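All of the numbers you see were taken from the coordinates with simple rules; none came from a lab. As the structure is a computational prediction, the values presented were derived from the model and not from experiment. A quick note on method: Cβ atoms are made from the backbone with ideal geometry, for glycine too, and the neighbour counts reach across all protein chains shown.
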């Protein structure tokens, strides 16, 4: 399967064009929309989201991953194989958290260029064909060349920031919940939040933090938008206090 992870926006005109190219090169492909609302331009936030969300997909999945504010610049286009899953996208850090946390990985630079290559839409013109070829199991010769490692590496550690706010107003962080003691108090802006297991464990309108379904720390409020209630947005720092 080919899994799409982008900041393109599901309501804009970009996702459909990418899918058209994928099916042109691999008509039998199963294409899954994982997320098209990754925070705009925020590569580090996207890298930590991708690392968390890819966990539920089977081996052999191909992730076409695009948060690429430097599109058209000198940054490389790459393929990463990490623990038997494939990732196609820019070498700007987006794929580096997945790679750093993998037990086994290999990296290739995409040396192939299509006849038509828009300066601003490598997701469609460059990444999509390569992702389709990998998924169908027949990458044309001289498409990629193996390299030692990614140029931009963010490391394997957690990110103590808000990395995504969903439509409920829940604020996902880059902290893996397994690394945060349940007795800790989390601070973001002026808010100080204690742990609860589920929403119903706190009064309506009250904020708290919990482990979300992807294993990340999430700042939330029962029956309300934590983002509005607490004034939290993507990029805000999160501090862990005590145990």
Report, in deg cm²/dmol and to the nearest 500, the calculated mean residue ellipticity at 222 nm for the chain, where each DSSP H run with n ≥ 4 adds -39500 (n - 2.57) and the sum is divided by the residue count.
-5000 deg cm²/dmol
Which value in nm describes the separation of the simple spin-label points at residue 166 and residue 37, placed 7 Å from the Cα toward the beta carbon?
1.0 nm
Proxy reagent accessibility, fewest Cβ within 10 Å first, across 11, 236
11, 236
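How much length is gained if the chain between residue 12 and residue 106 is pulled fully straight, taking 0.36 nm per residue apart and subtracting their Cα-Cα distance, in nm to one decimal?
Full extension of this stretch gives 30.5 nm more.
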Please compute the volume of the convex hull spanned by the alpha-carbon atoms of segment 197-243 and report it per residue in Å³.
97 Å³
Describe numerically, in nm with one decimal, the distance between label points set 7 Å from Cα along Cα→Cβ at residue 116 and at residue 153.
3.9 nm
Using only Cα atoms, figure out Rg for segment 162-215 and give it as a multiple of 2.2 N^0.38 Å.
1.08
Entry for Cα extents along the principal axes in Å (calculated from the structure that is shown) out of (1) 63, 41, 35; (2) 59, 36, 32; (3) 93, 26, 22
(2)
